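Read-outs throughout are calculated quantities, based only on the coordinates presented, and are distinct from any laboratory measurement. This is a predicted model, so every value here is computed, not measured. Every residue, glycine among them, receives a Cβ derived from its backbone with ideal geometry; neighbour counts consider all protein chains shown.
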Amino acid sequence: MYVCVCQAVTDRQIREAAQGGARTLKDLRRDLGVTRDCGRCASCAHECLQEANQCQGRAGKQMLQAA
Ligand code: FES
């Protein structure tokens, strides 16, 4: 799904950016260009990033518990 139509950025790209270390909207703007034009994607991009980071946190905890 497209999150930022102006820069053609998808939720998948945002998840990949999160895996690559993106933690803030500013990181996404730098890495992918979201919010660079109209800015309407800001809240959706932020939510998507938060979800991706929460999933990563859960996956990391599960890996630690399994070890
Ligand atoms: S939709 Fe992202 S800058 Fe316009």
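Couple of notes before you dig in:
- Between segment 23-54 and segment 1-15, the alpha-carbon center distance in angstrom: 9
- The length gained by stretching the chain between residue 19 and residue 56 to full extension, at 0.36 nm per residue less their Cα-Cα distance, is 12.6 nm.
- Prolate/oblate/rounded label for segment 2-66 (Cα gyration tensor, a/c 1.5): prolate
- Annotation: amide H-H contacts under 5 Å for residue 9 (H modelled 1.01 Å from N, sequence separation of 5 or more, or interchain): 3, 4.
- Extension gain, residue 36 to residue 12: 0.36 nm times the residue separation minus the Cα-Cα distance gives 6.8 nm.
- Partnerless Cys - the chain, beta-carbon criterion under 4.7 Å: 6, 38, 44, 48, 55
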